[in-house]
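Peer 1: Below is the structure I would like to discuss, written out as structure tokens.
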Amino acid sequence: MDLVEVRVSRLNVWIGGKHILKDVYLKASPGSVTAVMGPSGSGKSTLIRVINRLIDLVPGARVEGEVLLGGINALREDPYIVRRLTGMVFQEPNPFPHMTIYDNVAIGPKLHGLARSRRELDSIVEWALKKAHLWDEVKDRLHDYPYQLSGGQKQRLSLARALALKPRVLLLDEPTANIDPVSTTKIERSIMEYAKEAMATVLIVTHTPQQAARISDQILFIYQGRVVEYGPTRELVLHPKNSLTRKFLGGEV
Amino acid sequence: MDNTGKMPAGDRRLFYSLAPAAVISMGILVVMTVLFIYYSIPAVRVYGAKLITTSTWSPSEYGEPSYGLLIPILGTLISSIIAVVIALPLALSAVFFTEEVLPRSMGSVRSAFASLIEAMTGIPTIVYGLWGLMVLSPFLRDNVYQPLYRYLGFIPLFSCEPVTGSTILTAGILLSIMITPFIYAVVRQSYNQVPRTYKEAILALGATRYEYARILFGMIKPAILAGALIGFGRAAGETVAVALVVGNTFNPPTCILSPSYTVSALIANQFANAPLYPYMVNVLVLGGLILLVLGIISNILGVMYLARVRYVA
């Protein structure tokens with residue numbers, strides 16, 4: 001199992017001339033969860049999208065700096081290779097509406113030829129749905145379409161779709177922002193388990209300090225595109241050094 | 001406005017002033033359909049089902065005329081199906097090209113390209129017809145039909161000698177060029193309406209651009225079907241361009257290299273003389289009714305499919 005450390009340094013991003021990320025840096029190790037925390041509009045989602053090169057889709061975006069995924073220079077490499085290495089879960093649950101629950105999970109392995117037989121594919125799908133703590137709720141209706149699922153179930157399906165490719169780096173962009181508490185708990189558990197079991201590097205964007213405190217090993221607090229404070233979760237939450245961090249933790253920013 | 005009470009005076013005025021416009025446009029369709037039915041009844045009374053099940057067309061001023069619409073009906077269906085079969089992949093490739101292959105940085109080139117294709121829907125059909133007659137049909141005869149007949153003549157579809165370039169296949173090919181922009185416009189609109197989050201999700205899986213387009217096309221399959229149906233409806237009703245290149249001959253269109261007929265071309269060519277022959281006007285009106293029904297059905301189905309493109313996030 002190759003371990004992929006994520007290292008970002010001197011990252012600057014402009015979108016349409018606007019300076020979105022300013023000298024951002026971070027180092028996320030395999031097996032750990034890094035929470036990217038900050039108020040909305042601080043550039044958290046942009047940071048995640050630079051790491052898997054979805055930023056390429058944004059018209060007028062300019063990126064400078066360095067993003068290393070293990071030995072790969074993510075900004076120079078073919079975006080398909082970068083995205084193959086990373087998995088992503090978005091803020092809105094977005095299973096493909098025209099595919100069954102099964103196919104939604106199977107699509108990634110199919111695209112990359114990971115399964116040599118139907119049985120192998122079945123077992124990947126089952127594994128991913130179990131990892132996303134969704135299996136028990138959908139195992140009898142794998143061939144239904146996802147529209148009957150609740151929002152939280154859809155989000156766990158999106159997570160299973162990402163996990164099915166066993167990404168070395170898992171990126172989550174406020175995955176529980178619009179999700180019920182039960183699903184939120186399950187998703188948080190999945191994330192922590194996946195990081196440990198697969199020794200994957202997990203980055204989760206969140207705007208709630210509580211979530212960051214619950215699941216992360218380290219926190220990157222960014223405000224208006226700049227790193228304000230960065231450190232181990234316990235330390236940052238209990239003894240914030242910066243007054244902005246204190247305010248944010250207190251719910252004032 | 002609540003639905004239980006009466007409309008306020010202002011709304012009522014708006015209702016009464018706008019209702020006629022809506023009623024008139026719907027009414028025209030109803031009146032037209034009724035009229036077509038009314039005028040075709042005499043022919044149906046005399047000839048019955050033979051009108052659409054037989055293929056002899058021999059109008060006669062004296063004696064027993066025979067009006068079989070089977071060949072033109074088949075001609076309409078076959079040329080329209082050929083048109084859709086050719087136009088669909090063309091339109092999808094064009095959407096893929098303008099939306100994905102042309103780089104994002106060339107935004108103005110992309111929109112110019114798209115506008116140009118969509119502007120093709122506005123070209124008068126007689127222009128297509130003249131080009132089809134003068135350029136397309138001789139070209140196809142010499143470079144496509146002759147070889148097809150020579151080497152694949154054992155296939156019934158290509159089993160007749162292409163004496164002229166004016167054939168059912170030429171009509172189909174010309175129609176495909178004419179309906180491609182329509183299908184393109186319908187599909188492109190849906191393609192661009194797919195919410196960004198799905199597009200990101202596909203790419204985040206590491207899909208190549210081709211795989212990405214394939215999944216997106218799958219997502220908007222109802223729109224593709226709708227485009228095909230609307231295109232089919234247009235092809236079936238198209239008259240002038242087809243009349244110029246279809247050959248206007250009562251040959252069975254089962255060999256697509258032979259000149260044949262379509263319902264629309266038959267009406268256009270024969271209506272002027274129709275009053276000279278007993279019941280011929282009524283028969284031609286029946287042909288019109290068939291086209292009307294075909295057009296309405298394919299459009300209603302198309303619109304229904306289009307309404308099925310829904311994204312429940």
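The values are calculated or read from the model by the stated rules, or taken from the named source; none is laboratory data. Nothing here was measured: the structure is a model prediction, and the numbers come from that model. Note: ideal-geometry Cβ built from the backbone for every residue, glycine included; neighbour counts use all protein chains shown. Heavy atoms of the whole protein, side chains included, go into the accessibility calculation; ligands, DNA and RNA do not. Shrake-Rupley method; radii C 1.70, N 1.55, O 1.52, S 1.80 Å.
Peer 1: Looking only at the range A:100-123, filter to residues that are open to solvent by 20 Å² or more (accessible area, probe 1.4 Å) and touching a residue at least 40 places away in the same chain (Cβ under 8 Å); which one of those is nearest to the other protein chains (Cβ to nearest Cβ)?
Peer 2: Looking at residues that are open to solvent by 20 Å² or more (accessible area, probe 1.4 Å) and touching a residue at least 40 places away in the same chain (Cβ under 8 Å), I get A:His112.
Peer 1: Go through (1) open to solvent by less than 40 Å² (accessible area, probe 1.4 Å); (2) at pLDDT below 90; (3) in contact with a Gly (Cβ under 9 Å, 6 or more places away or on another chain) for B:Thr56 and report which single condition fails.
Peer 2: In the conditions (1) open to solvent by less than 40 Å² (accessible area, probe 1.4 Å); (2) at pLDDT below 90; (3) in contact with a Gly (Cβ under 9 Å, 6 or more places away or on another chain), B:Thr56 misses (1) alone.
Peer 1: So A:Leu129 ticks every box in (1) open to solvent by 50 Å² or more (accessible area, probe 1.4 Å); (2) modelled with pLDDT of 95 or more; (3) assigned to a helix (DSSP H, G or I) but one. Which box is left unticked?
Peer 2: (1)
Peer 1: Something else now. Do you know which of the residues in the range B:184-216 that are closer than 18 Å to A:Pro59 by Cβ and part of a loop (DSSP other than H, G, I, E, B) is nearest to the other protein chains (Cβ to nearest Cβ)?
Peer 2: Selected residue: B:Pro195.
Peer 1: Which residue pairs have Cβ atoms under 7 Å apart, sit 6 or more places apart or on different chains, and have a first residue in the range A:4-15 that is under 14 Å from A:Thr34 (Cα atoms) and in a strand (DSSP E or B) and a second that is polar (S, T, N, Q) and open to solvent by less than 10 Å² (accessible area, probe 1.4 Å)?
Peer 2: Cβ pairs passing all conditions: A:Val6/A:Thr201.
Peer 1: Restricting attention to the range B:145-162, report how many residues are over 26 Å from the mean Cα position of the chain (by Cα) and open to solvent by 80 Å² or more (accessible area, probe 1.4 Å).
Peer 2: Residues flagged as over 26 Å from the mean Cα position of the chain (by Cα) and open to solvent by 80 Å² or more (accessible area, probe 1.4 Å) within the range B:145-162 amount to 4.
Peer 1: Which condition breaks for A:Arg156 when tested against (1) closer than 23 Å to A:Ile48 by Cβ; (2) open to solvent by 60 Å² or more (accessible area, probe 1.4 Å); (3) not aliphatic (A, V, I, L, M)?
Peer 2: (2)
Peer 1: If you scan the range A:32-42, which residues turn out to be over 15 Å from A:Leu236 (Cβ atoms) and either polar (S, T, N, Q) or open to solvent by less than 10 Å² (accessible area, probe 1.4 Å) (or both)?
Peer 2: A:Ser40, A:Ser42
Peer 1: Another question about this same structure. Look at A:Gln155 and say whether it is over 15 Å from A:Val33 (Cβ atoms) and in contact with a strand residue (DSSP E or B) (Cβ under 8 Å, 6 or more places away or on another chain).
Peer 2: Answer is yes for this residue.
Peer 1: Condition first: out of contact with any Ser or Thr (no Cβ under 8 Å at 6 or more places or on another chain) and either open to solvent by 60 Å² or more (accessible area, probe 1.4 Å) or in contact (Cβ under 8 Å) with a residue 40 or more places away in the chain (or both). Now tell me which residues in the range A:78-90 satisfy that.
Peer 2: A:Asp78, A:Ile81, A:Arg84, A:Leu85, A:Thr86, A:Gly87, A:Met88
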